[in-house]
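*Asks:* Got a structure for you, questions after.
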Amino acid sequence: MAVNIEEIRKGRDEALKKLPESIASKTVKSLDEDEVLRSYKLALTELRKDGVHKILDLKQDITAAKKNRMLEKAQCADIIADCKKQIGEAKAIAARNKNIDNMLTKEAVAYADTVSAAYVSQVNEEQDSIQTKLKEKFKKQLSDIKADYSNRISKMSDPEEIKIAKFECKSELFDLKSKYQSEIDHCKDIKNQAFVDHVQTNRALRNGRQSFSENISLNFKNYVYQFKMSQFMLNNGLYLAILVFFIVCIVIAPLSGNGQLLSLPNILTILEQSSTRMFYALGVAGLILIAGTDLSVCRMVALGAVTTGLILHPTKNIVSFFGMEPWDFTGLPMGGRLVMALGISIALCVFFSCFAGFFTARFKIHPFISTLSSQLIIYGLLFFGTSGTPVGSIDSNIKDLIGGRWILGVMNGSLITFPKLIIPAIIAIFVAWFIWNKTTFGKNMYAVGGNSEAAAVSGINVFGVTMGIFIMAGIFYGCGAFLEAFRANASAGTGQGFELDAIAACVVGGISFNGGIGKIRGAVLGVIIFTGLTYCLTFLGIDTNLQFVFKGFIIIAAVALDSVKYLKRK
């Protein structure tokens, strides 16, 4: 092995000496054709054959034996024991070869980097030259087709013939542009593949281990390779417009005498206002994912907030619920009252959410109608039950414990405090992300949203998934409504308009009304965008009524872009 290594190094040194000449003559070989790199690969394969490679093979044999139901327990145990014995021997061989393996790997990767840099540069230069020629050829052919069309039209008088000539010209132009784009894409494919081959070769030399810097470079290259301005603007145009709006607000705020908008206290306030609304967006996001919606969010908020306010009121309640005597929960321990408030809030929201969900899942009634019905029912019960009377504030001690702020310190003469409500919002985001991305139920949500009939044929319980989504929404609404009571005095009118903000936040965040498309991060981003928008406008002193105009434009723009993307996918 030592002789082979010396020969490999000798060949490497000679190849590196000849590399400048190969670069000048544009004859640099690809990594697959490079003899020195092939020698390194063979040497590393020989080193790893009875060590790390054998360990992987034996582990696969153990897994296969465990899954083989044809084997008796004794046979399976013998196979596993023999494999483990061989693994121990292979580990000893791998340990002996580790140093020389690492050394050869380092040398091989360094050589591959040097050769690949020259080869990739050569490929890029060749393909750029081809692209330039293709562009010139395309322009000439385009000019010829247009000139030919002009000559033909000048000799025609019949409108029908002119119409046919115009159609033929459009067809020729379309074919020409398609061919040109295909040839350009082929050049890009070759350039991209040269770099991908380099990364894959290095990974193979490292026995599958990846490099962080290579991964970053590869992701960037892939992004540039796949980048199309039209698609980028379609996917991100609305966000860019909103970003420009925020920048304008940040610039205008100090000029108009309103102070600095972009400050840590303001950012924390926006996040605090977003915290409870995050629950509503996470709940309605599931319904939008199955091409539905939820108009009952606002009343769910009021229902849970009123319940929480009644139970956590510091004294005897002033509200006569359904004509009964005012309730007094002050005799109960505060811990029990908290659990009761949260539990009842969730239970009531889940009940009414299931009510709407049953009619949607069983009778295929669109959620727009079923949730509108539940909204009206809750609205009537709340206003009739409380006569529209606010339930008052909750106990100040518990309000500060859950809905207060932690003091962080003083910055630039301002007291910096951290809102406690941000913590449960972060927990809710993680729970929703886990359900959507790491569970079978989450995968089934996407399947039902994409095509419920196909999902049913594939064995998915569409009724169960739909009901599960409504139940999940109810739980999020109940938790959010419970926390809402810590922000403001609860009444039957609490949460007015929250359903529109939640729906709009999801749509702006990329959760498609057409179903089956969207991510939790989209809902989170949408909530922060909408809350930030409202805060900015209020900070600048814009009339509340005009704020609805801004929101309206954003919603219609988001839905329009979503529809365009959906049509493109079709």
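*Asks:* Tabulate in residue order the Karplus-calculated ³J(HN,Hα) for segment 263-274, using 6.51 cos²θ - 1.76 cosθ + 1.60 with θ = phi - 60°, rounded to whole Hz; enter x for Gly and Pro.
*Replies:* Per-residue couplings from phi come out as 9, 4, x, 5, 4, 5, 5, 4, 5, 5, 5, 6 Hz.
*Asks:* Moving on to the next point. For A291, enumerate residues with amide H under 5 Å from its amide H, sequence gap 5+ or separate chain, H modeled in the peptide plane.
*Replies:* Close amide H contacts, sequence-distant or interchain: G515, G516.
*Asks:* Would you mind classifying segment 266-331 by shape? Square roots of the alpha carbon gyration tensor eigenvalues, ordered a ≥ b ≥ c; an a/c under 1.5 is rounded, otherwise it is prolate if a/b is larger than b/c and oblate if not.
*Replies:* oblate
*Asks:* Less than 24 Å apart at the alpha-carbon level, and either on another chain or at least 8 residues along: which lysines does that give for K519?
*Replies:* Straight-line reach from K519, under 24 Å: K228, K438, K443, K551, K565, K568, K570.
*Asks:* Calculate the dipole size of segment 1-85 relative to its Cα centre from +1 charges on Lys and Arg beta carbons and -1 charges on Asp and Glu beta carbons; express the result in debye to the nearest 20.
*Replies:* Dipole about the Cα centre, nearest 20: 400 debye.
*Asks:* Would you kindly derive the ³J(HN,Hα) couplings of segment 301-316 from the backbone phi angles with the Karplus curve 6.51 cos²θ - 1.76 cosθ + 1.60 (θ = phi - 60°), listing them in order in whole Hz, with x for Gly and Pro?
*Replies:* Those phi angles translate into 4, 4, 4, x, 5, 5, 4, 5, x, 5, 6, 9, 5, x, 10, 5 Hz.
*Asks:* Right, another one. For K49 and V244, FRET efficiency with R0 = 60 Å and r from the beta-carbon atoms, rounded to 0.05?
*Replies:* FRET efficiency, V244 to K49: 0.50.
*Asks:* Right, another one. When all protein chains stay in place, what accessible area (Å², nearest 10, 1.4 Å probe) is found for H186?
*Replies:* Counting only protein heavy atoms, the figure is 110 Å².
*Asks:* Also, quick follow-up: For segment 438-570, what's the radius of gyration and Dmax over Cα atoms, in angstrom?
*Replies:* 17.4, 55
*Asks:* No partner Cβ under 4.7 angstrom, meaning no disulfide-compatible partner by this rule: which Cys of the chain qualify?
*Replies:* C76, C83, C169, C187, C298, C349, C354, C479, C506
*Asks:* To continue, here is another question. Here is the link list: K98/K221; K316/K420; K54/K106; K18/K191; K135/K166. Which ones come out longer than 29 Å on Cα distance?
*Replies:* In this structure, K98/K221 exceed 29 Å between Cα atoms.
*Asks:* From the C-alpha gyration tensor of the chain, pull out the three semi-axes of the equivalent ellipsoid (sqrt of 5λ each), sorted largest to smallest, in whole Å.
*Replies:* 57, 39, 27
*Asks:* Ok, one more. E214: accessible area at probe 1.4 Å, nearest 10 Å²?
*Replies:* 20
*Asks:* Using a 1.4 angstrom probe with every protein chain in place, what is the largest-first accessible-area order of Y111, Y446?
*Replies:* The ordering from most to least exposed comes out as Y446, Y111.
*Asks:* Taking amide H atoms as placed 1.01 Å from N in the peptide plane, list the residues 5 or more away in sequence, or in a different chain, whose amide H sits under 5 Å from that of I416.
*Replies:* L408, G409, V410, M411
*Asks:* Related question: Over the chain, average the accessible area per residue using a 1.4 Å probe and give it in Å², no decimals.
*Replies:* Here the per-residue accessible area is 54 Å².
*Asks:* Mind jotting down the distance between the C-alpha centroids of segment 506-557 and segment 163-204, whole Å?
*Replies:* For segment 163-204 versus segment 506-557, the Cα centre distance is 38 Å.
*Asks:* What is the set of long-range amide H partners of G392 at a cut-off below 5 Å, with H atoms built 1.01 Å from backbone N?
*Replies:* Long-range HN contacts for G392: A490.
*Asks:* Within segment 397-483, what whole-number % of the accessible surface is contributed by carbon and sulfur, with the 1.4 Å probe and all protein chains included in the calculation?
*Replies:* Here it works out to 67 percent.
*Asks:* Next question. Which residues in segment 180-202 have a backbone N closer than 19 Å to a point placed 7 Å from the Cα of L56 along the Cα-to-Cβ line?
*Replies:* Flagged as within label range: 197-202.
*Asks:* What does the helix-only formula give at 222 nm for the chain: each DSSP H stretch with n ≥ 4 adding -39500 (n - 2.57), the total divided by the residues, and the result rounded to the nearest 500 deg cm²/dmol?
*Replies:* Only helices count here, giving -27000 deg cm²/dmol.
The values are calculated or read from the model by the stated rules, or taken from the named source; none is laboratory data. The structure displayed is predicted, hence computed values, not measured ones. No Cβ is skipped: glycine too gets one built from the backbone with ideal geometry, and neighbour counts run over all protein chains shown. Heads up: the accessible areas ignore ligands, DNA and RNA and are worked out on the full protein's heavy atoms, side chains in. Shrake-Rupley method; radii C 1.70, N 1.55, O 1.52, S 1.80 Å.
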